[in-house]
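Written out below as structure tokens is the structure these notes cover.
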Amino acid sequence: MSAIPDPEKADNINVRANSSSSASDKADRVVRPQSAGSDVDSAWKFLQSVGPVDENEVNSVNLSSLRRRVDWRIVPLMFCCYTLQFLDKVIYNYAAVMGLPKDLNFSTKANDFSNIATYLFVGLLCFEIPNIYFLQVFPCAKWLGLNVTLWGIATACGAAAHNYQTLLVSRVFLGIFEATIGPSLMLISSQWYTKSEQAPRFSFWYLGLGIGQILGGAISYGFQHMTAGASLSGWRTMFVTLGCITVAVGLCVIFFLPDTPMQAKWLSNVEKIALLKHVSVNQTGISSKKFRFKEIVEAVLDPQIWLLLLAVVLLSVSSGVVTTYSATLIRNLKYSPKQAALMNMPSGAVSIFFTLMVGYGIRHGSHRWAWIVACIIPAIIGGALMSFLPTTNRSGILAGIYLVNAVVAPLAIFYNWTVANVAGATKRAFACAVISGSFSLGNIIGPQTFQARDAPDFRPAKLAVMGTQAGCALVTCLLFVYYVWMNRRRADKAKENEAAYQSPEVWANMTDRENPHFVYTY
């Protein structure tokens with residue numbers, strides 16, 4: 001059997017070489033397709049519209065320097081968006097120990113607190129369906145910026161809540177506007193980098209989750225020092241402040257984040273061509289506004305989509321527990337509300353460590369599936385410590401709560417896996433929305449494992465953390481086996497065409513299944 005090309009080494013290919021030896025090659029001109037039909041990626045249209053460019057000039061572009069410029073221009077904005085989407089969700093967790101349930105007369109028997117946490121993700125999940133269409137027909141970065149601005153408004157409006165129903169409405173709208181964050185960041189990241197370069201960039205903006213955990217604890221601690229006579233209580237002021245900051249970031253995204261590399265005003269045409277050639281080895285395209293319903297059908301019938309969906313749902317059950325109840329679990333260990341806020345901050349440090357570890361590991365060693373399992377093992381150990389240690393062993397239970405946070409890192413890998421292994425503009429937008437939606441589904445299930453009747457130990461919820469993580473590890477291994485099998489089925493074809501990344505098929509709007517040269521990463 002012929003060797004399977006290593007997809008993680010794809011970015012080492014000389015992306016400026018051409019697969020043919022036509023007269024235009026000898027004339028030192030960049031070869032462009034003359035015709036690929038109307039169903040073609042916008043990057044191909046750009047290459048055709050630029051006009052003749054000296055290939056030597058394109059060859060002279062320093063890709064490392066170009067990549068650093070791209071990093072500094074787009075990754076900080078994506079990082080801010082992801083940090084704030086987590087903060088705007090997790091402040092509800094901290095508000096629980098700041099008097100919110102008492103101020104709004106929550107009923108413990110009716111599980112009011114858990115229900116609001118759940119319905120945020122219901123709103124998020126429901127809006128993923130129309131988001132598939134909006135992501136393809138509207139400029140991606142502008143759509144993201146608009147929704148960031150709107151969810152900032154929804155967060156601030158939560159401060160005006162005076163009972164269960166009014167807070168529920170504001171949190172549902174928060175979920176609706178946050179629905180685009182995962183898919184948008186996935187699609188934007190995939191436009192600028194090769195598959196192996198994507199992993200650390202996903203990790204960098206995904207660090208917002210860990211930073212958000214640390215900042216959330218510090219912010220909550222600070223606002224808890226507001227005096228009782230203040231016109232707004234601490235948690236209400238916290239909602240307004242973070243909401244206003246989110247609106248400011250959303251406006252920055254609208255004005256400063258390019259929708260595609262072709263629209264980056266801070267890149268010359270030569271640099272844009274060099275970048276497009278560099279990422280052409282992905283064979284996933286940049287952007288196409290043509291909606292192809294048949295790609296939705298293909299995605300629904302694609303086993304990898306179902307395996308990714310199941311894995312992320314199982315993973316996200318624990319994420320829902322961490323997001324909503326970590327401060328409550330710590331407070332149940334007989335810590336004061338202020339102490340609980342501060343004691344939750346190391347959870348963010350654990351998240352940051354594992355997120356950086358997997359980003360670096362994938363960039364240099366590939367094997368996404370192995371890094372996912374490596375993060376799940378400490379999370380299972382953490383679930384066991386939480387579940388089986390006596391409540392008198394506060395240090396051991398705290399260690400368990402912190403270790404469970406290792407489970408947040410694999411989500412960045414699943415996001416990266418999705419855009420790396422799914423091609424076709426409509427199919428990829430659908431896959432991103434589905435995977436983001438499955439994250440929401442897991443977060444819907446997670447808080448519901450916490451029932452008021454199980455307080456204060458919440459043992460069933462802690463056991464659910466262990467069970468779902470073990471299930472996620474199993475599904476991840478199945479994904480690995482599936483991708484190896486798919487690559488072996490097309491290994492000979494991939495080898496015959498491995499140098500043909502400049503062929504018209506690279507920029508044609510084909511799915512991973514339609515493209516016989518597509519190689520899956522694992």
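Here region 25-73 is the region considered, the condition is being open to solvent by less than 80 Å² (accessible area, probe 1.4 Å) and among the polar types (S, T, N, Q), and the residue that is modelled with the highest pLDDT is Ser65.
crowded, with 22+ Cβ neighbours inside 10 Å and either in contact with a strand residue (DSSP E or B) (Cβ under 6 Å, 6 or more places away or on another chain) or touching a residue at least 12 places away in the same chain (Cβ under 8 Å) (or both) - does that describe any residue in region 224-231? There is no residue in region 224-231 that is crowded, with 22+ Cβ neighbours inside 10 Å and either in contact with a strand residue (DSSP E or B) (Cβ under 6 Å, 6 or more places away or on another chain) or touching a residue at least 12 places away in the same chain (Cβ under 8 Å) (or both).
Please indicate, with yes or no, whether at least one residue in region 172-183 is closer than 30 Å to Ile330 by Cβ, out of contact with any strand residue (DSSP E or B) (no Cβ under 6 Å at 6 or more places or on another chain) and hydroxyl-bearing (Ser, Thr, Tyr). Checked against the condition, which is being closer than 30 Å to Ile330 by Cβ, out of contact with any strand residue (DSSP E or B) (no Cβ under 6 Å at 6 or more places or on another chain) and hydroxyl-bearing (Ser, Thr, Tyr), region 172-183 yields no hits at all. Inside region 104-117, residues that are in a helix (DSSP H, G or I), open to solvent by 10 Å² or more (accessible area, probe 1.4 Å) and touching a residue at least 40 places away in the same chain (Cβ under 8 Å) make up a count of 2. Looking across Phe113, Phe134, Phe173, one residue alone is aromatic (Phe, Trp, Tyr), within 28 Å of Lys294 (Cβ to Cβ) and over 16 Å from the mean Cα position of the chain (by Cα). It is Phe134. Evaluating Val419 against the criteria (1) closer than 18 Å to Asn282 by Cα; (2) of a type in the set (Val, Ile, Thr); (3) over 14 Å from the mean Cα position of the chain (by Cα); (4) at pLDDT 85 or above leaves one unmet condition, (3). Can we say Ile132 is closer than 13 Å to Ala429 by Cα and not polar (S, T, N, Q)? The answer is yes for Ile132.
For (1) open to solvent by 20 Å² or more (accessible area, probe 1.4 Å); (2) of a type in the set (D, E, K, R); (3) modelled with pLDDT under 80, each residue gets a yes or a no:
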position: Ile435; (1), (2), (3): no, no, no
position: Gln448; (1), (2), (3): yes, no, yes
position: Met466; (1), (2), (3): yes, no, yes
position: Val484; (1), (2), (3): yes, no, no
position: Glu505; (1), (2), (3): yes, yes, yes
position: Asp512; (1), (2), (3): no, yes, no
position: Val519; (1), (2), (3): yes, no, no
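In region 137-180, the residue that is least open to solvent (accessible area, probe 1.4 Å) out of those that are of a type in the set (Phe, Trp, Tyr) and touching a helix residue (DSSP H, G or I) at 6+ places or on another chain (Cβ under 8 Å) is Trp151.
Against the criterion of being more than 17 Å from Ala199 (Cβ to Cβ) and surrounded by fewer than 24 Cβ atoms within 10 Å (Cβ to Cβ), Leu403 qualifies.
Here is a yes/no grid of residues against (1) in contact with a Leu (Cβ under 7 Å, 6 or more places away or on another chain); (2) at pLDDT 80 or above:
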residue	(1), (2)
Asp103	no, yes
Ser114	no, no
Leu120	yes, yes
Tyr133	no, yes
Val137	no, yes
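Per this entry, Phe239 is counted among residues that are in contact with a helix residue (DSSP H, G or I) (Cβ under 7 Å, 6 or more places away or on another chain) and farther than 23 Å from Gly437 by Cα.
The values are calculated or read from the model by the stated rules, or taken from the named source; none is laboratory data. If you're wondering where the values come from, they're calculated on a predicted model, not measured in any experiment. As a convention, Cβ positions derive from the backbone with ideal geometry for all residues, glycine included, and neighbour counts pool all protein chains shown. Ligands, DNA and RNA are excluded from the accessible area calculation, which covers all protein heavy atoms including side chains. Shrake-Rupley method; radii C 1.70, N 1.55, O 1.52, S 1.80 Å.
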